[in-house]
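Here the structure is laid out as structure tokens; the discussion comes afterwards.
The values are calculated or read from the model by the stated rules, or taken from the named source; none is laboratory data. In this text the structure is predicted, and so the values were computed from the model without any measurement. With ideal geometry, Cβ positions are generated from the backbone for all residues, glycine too; neighbour counts draw on all protein chains shown.
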Amino acid sequence: MKRKIYHMAIAAGLLLTASPLLFSQDAYQKKREEMVQYQIAGRGITDKATLNAMRTVPRHLFVPENLRSRAYDDGPLPIGYGQTISQPYIVGYMTEAIRPKPDFRVLEIGTGSGYQAAVLAKIVDKAYTIEIVEELAGQATKRLQKLGYDNVQVRFGDGYHGWKEHAPYDAIVVTAAAEFIPPPLVEQLKPGGIMIIPIGSPFMVQTLMLVEKKGGQIKTKSLFPVRFVPFTRE
Amino acid sequence: MPPLRYALAIGLLSAAVLAFELGLMQIFSITQWYHFAYMAISVAMLGFGAAGTFLALFEERLLRAFERAFPLLLFLCGATMAGVCGLAQHPAIRFDTYLLFNDFRQAYRLLATYLLFFIPFFLAALAIGLAFVRFSRQIGGLYFADLLGSGAGGLIGLGLLGLFMPGELPGLAALLPLLGGFIAFQGTWTARWRITAALSCALVVLAIFRPPRLQPSEFKGISKTLLLPESKIELERSSPYGLIQAVSSPALRYGPALSLNYDGPLPVRKALFSNGEWVGAIVPAPAPGQVHILDFTAGALPFRLQHPGKVLALHAGTGEQVAHALAHQPLKVHMVEANPVIFSLMRKELAAETDSLIFHPAVEAHQLDARTFLMADTNTYNLILLPMVSTFGGTAGLNALQEQYLMTREAFQDIWARLDPEGMATISSWLDYPLRNPLKALATLVEVLDAEGIGEPQQHLIAIRSWGTITFVLKKAPFTAREVADTRAFCEQMSFDPLLLPGLQSGERQQYNQLQDTFLFGYTDALLSPEREKFYRRYALNVRPATDERPYFSQFLRWKSLPALARQWGRQNLPFLEIGYLIVLLTFLQIFVIAAVLILLPLFRVGARRQVSGWALAYFGSIGLGFMFVEIILIQQLTLFLGRPIFATALALSGLLIASGAGSWYSSRWGAVSRKAVLLPLAIALLLAVYTFLVLPALHGAVGLGTTAKLALLLLLIAPLGFLMGMPFPLGIRYLSEKNKGGIPWAWGVNGYFSVISTALATIIAVELGFSWVMILAGAAYTAAGAASLLISKP
């Protein structure tokens, strides 16, 4: 009898320990679905691959533990070192804007938490990502490996130089812009390739800009100002 | 006469309070933004007000223990002055401005910071107030010591800022109250006293030799730069102008808004930061024949149109534009910069990095505020270069309340007057959303052309747009057909788009850089049309040019547009559009409420019990408000006159306080209810009217005087005003000590309350109505005080 009670106690303990995890995983899945439904698709993102990727990538595993409950909130979150994980809508918008295809080779400048790279990795063949903050690069490498994103390569270094060994790229996603657009990045873009850059701090009004390399000319196109939600201007 | 030891202790304490306050303003400017300097002033004033109330509630008990309480308060004040900065920098308390609207926990941290800094001010004010009550009949002497100490404290604070790092300042300031405590102590050194004194001294020594490490907001430029690989702070210099730091990293590159057609390397440069914010890259003088990297920016347009002869670079910073101009072999480049530390570094420590740019035979350096230089200068130039407006990606209004005398309509008129007949002036702005900086820059240029009677402004203005910036070029003569053609060729070569150009076709405006909509073009055209005034009124943000009366170029918020902005951009986004002015408004509202709760509510109870008249309340409130208003306006006006903001602050603060101290001393000869005393506030109001309408405007005409003449003139200006303004408070206190002694702490508290709210209030009035109105209201406050004193003195 004693042994039975003992076993039952162990089973109950295991169940109790695991249950929050199970429940929270379910809760996160639900939150993710809602995020895609209301924040992404609800605001006009229609690219199926992008929507599927954002439905699959567990965003809560890319934010600091103390902010997990807010991982699917409609805004950016600090991840330390003065950096942020972008608002889900921005990630969705930037992903759709490069019109990703499975055979694409994409370069990301500014790995941060690795979330954008993970979303890209769900769609494209190969994603390369560079992070200038060593600690963030290390954390993102471990995180992406642990979550099984084998087609993403992370490098710690200065994004200015791009990643020449894997160039040219079909698309380049710059997650934090500087006062200049590095000439090596423009050079590593395929003819017909697209680069997308947010201009401005993530806590302020940002403008997303496309850089297109077409027929020997480089042209830019400002998309629209965004912050938390896309602005609708009269 | 009060015992000398108390006058001395109060003098030391007051000096420490002001030095600590100045240090705190600097520390807030480094760790957060300039706006929190208001918080430092408000917290100081709140401490003073709350101490008055505390005194009113516990007066008898405190007076009974005066001999012990007074030195104890001084020791505690020294200890807390030394300790609170370190505590406020603790990770559990440190707050971040940007996160205030994102993370509600930051609000608690802000409150904790408020409370921490409140303590030393409260203790200091309690000691001063207690002495005032104890020796109320000899208030003139004590008040003199208080004001003299404050005046000296201003100078000591500024001196310390030049000699020590900002983090060391609180500890150094804390030495003074400790010294005051030892001077005031008269009892026996029992074990308890010894421990108290030893612990206080230990804390102060610790704060001096192990000062807290000041951590700037992680969203400040320097924090982001220090995240770059192998980045390090190469050198640091503290001065009253701010903390200058030079940072290096192999990944720190320079090439702002370069054309995408530039395919060369971007040079690695060190950068200079002031209080954690970007000043400029440290650039070398160009080698002969070298193509300068800035030739690939829109800002290079004037160099394409004309060979520069005499160039004037205003607010030149590290000399980025000077180096660019030198690449085009000008005859002379006049480099104007107010911060002496930048020039000193360029002459010594950074001379090698800059290839001795400042010693270049064609460069003439002028260490002066750019606007003051313009007002005093009589030369003309072929090209005048203004600094870039706004910053990359916008600032969310963090510079909203910084007076920018170089960016006013009058300043642009001065620039126009300094141009040769064929001369050009140029200014660039980062594109921002919603559009505001480039629109206000354009509006200012257009209004200058209007004021100069130019019928066709389009013939005198060219604007071109890169992927992120707009460059405006203003020419005194109409642009020639060749210059128009050269502009088109330059745009084509660099993939830029013309925005304003004589004979421009609408299809030309977006050939290379397509915008999300065509609002920019519509707004630009509206500003050049007769509909300009209507556009100012209709546009959601304030893009009307700044003036010398309201020199807040970066203040764009219009309260009446808030509902429309909230609809258009989303209510939750408003703080991120224009955060600066909102912070000051929130500071004002917070302080308004907190001060009412801490100072006024308890006082009303005490006041009722002691039957202190409403007129007395009006009297002390009015002189508190009036004094602070005058002080703030004097600082602002003298900044423009002297061209050296820090001297202006020191002169206005210390000069006014010392002169007030002398006035306070002199007032002891008058009877508290004499006719002279009653009419004094009215005389001050009259003098303020003379200053507002005659003296201050005339001061602008005297900017060209030499430094000695200017200083003599300012002494003449400040001394009589300060002398008179120092008298009403001690006269009022003496009146109460004769008629109703119990009302003294109450008077002290009400005076403190109005001083608390007046700092932020003066700024809000200056932004909304202009400086003259702040002076007019100061005059009105003194008139009210005069009326109140008339009514009080009636039997």
Going through (1) closer than 21 Å to B:G255 by Cα; (2) modelled with pLDDT of 95 or more one by one, B:E353 fails only at (2)
Checking the condition without any contact (Cβ under 8 Å) to a residue 24 or more places away in the chain and in a helix (DSSP H, G or I), which residue from B:L679, B:L657, B:L716, B:L736 passes?
B:L716
Residue among A:V106, A:V119 that alone is at pLDDT 95 or above, surrounded by 19 or more Cβ atoms within 10 Å (Cβ to Cβ) and over 11 Å from the mean Cα position of the chain (by Cα):
A:V106
Any residue in the range B:216-237 that is within 14 Å of chain A (Cβ to nearest Cβ) and more than 18 Å from A:G110 (Cα to Cα) sitting within a Cβ distance under 6 Å of a residue that is of a type outside the set (V, I, T) and surrounded by fewer than 18 Cβ atoms within 10 Å (Cβ to Cβ)? List the pairs, counting only those 6 or more apart or interchain.
B:P216/B:S223
Scan of the range B:453-498 for residues that are more than 14 Å from chain A (Cβ to nearest Cβ), closer than 24 Å to B:Y552 by Cβ and not hydrophobic (A, V, I, L, M, F, W, C), ordered by number:
B:T471
Would you pick out the residues in the range B:114-132 that are crowded, with 23+ Cβ neighbours inside 10 Å and among the β-branched types (V, I, T)?
B:I128
What's the total number of residues in the range B:682-704 that are assigned to a helix (DSSP H, G or I) and farther than 18 Å from B:L625 by Cα?
9
In the range A:157-184, how many are more than 8 Å from chain B (Cβ to nearest Cβ), in a loop (DSSP other than H, G, I, E, B) and either more than 22 Å from A:P76 (Cβ to Cβ) or touching a His at 6+ places or on another chain (Cβ under 7 Å) (or both)?
4
Sole residue being outside any strand (DSSP E or B), in contact with an Asp or Glu (Cβ under 9 Å, 6 or more places away or on another chain), assigned by TED's automatic domain parsing to the domain that holds B:P302 and modelled with pLDDT under 95, chosen from B:G455, B:G393
B:G393
Out of everything in the range B:61-116 that is free of Cβ contacts under 8 Å to residues at least 24 places away in the same chain and charged (D, E, K, R), what residue ends up being farthest from A:T84 (Cα to Cα)?
B:R64
From (1) buried (at least 20 other Cβ atoms within 10 Å of the Cβ); (2) outside any loop (DSSP other than H, G, I, E, B); (3) within 14 Å of chain A (Cβ to nearest Cβ), pick out the condition that doesn't hold for B:Q106.
(1)
So the check is Cβ under 6 Å with 6+ separation or different chains; which pairs have a first residue in the range B:494-518 that's without any contact (Cβ under 8 Å) to a residue 12 or more places away in the chain and in a loop (DSSP other than H, G, I, E, B) and a second one that's of a type in the set (F, W, Y) and surrounded by fewer than 21 Cβ atoms within 10 Å (Cβ to Cβ)?
B:Q516/A:F224
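Tally time: how many residues in the range B:509-545 are of a type outside the set (S, T, N, Q) and within 14 Å of chain A (Cβ to nearest Cβ)?
Final tally of qualifying residues: 13.
For the range B:428-452, give me the residue count where each residue is assigned to a helix (DSSP H, G or I) and surrounded by 20 or more Cβ atoms within 10 Å (Cβ to Cβ).
If we filter the range B:428-452 for residues that are assigned to a helix (DSSP H, G or I), which is where we start, we get B:437-451.
Now drop any that are not surrounded by 20 or more Cβ atoms within 10 Å (Cβ to Cβ), which leaves B:437-446, B:448-449.
Of the residues in that region, 12 qualify.
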Being farther than 23 Å from B:W467 by Cα, modelled with pLDDT of 85 or more and in contact with a helix residue (DSSP H, G or I) (Cβ under 7 Å, 6 or more places away or on another chain) narrows it down to one of A:E135, A:E234, A:E165, A:E131, so name that one.
A:E131
Residues being within 17 Å of B:V283 (Cβ to Cβ) and not in a strand (DSSP E or B) - total across the range B:330-347:
7
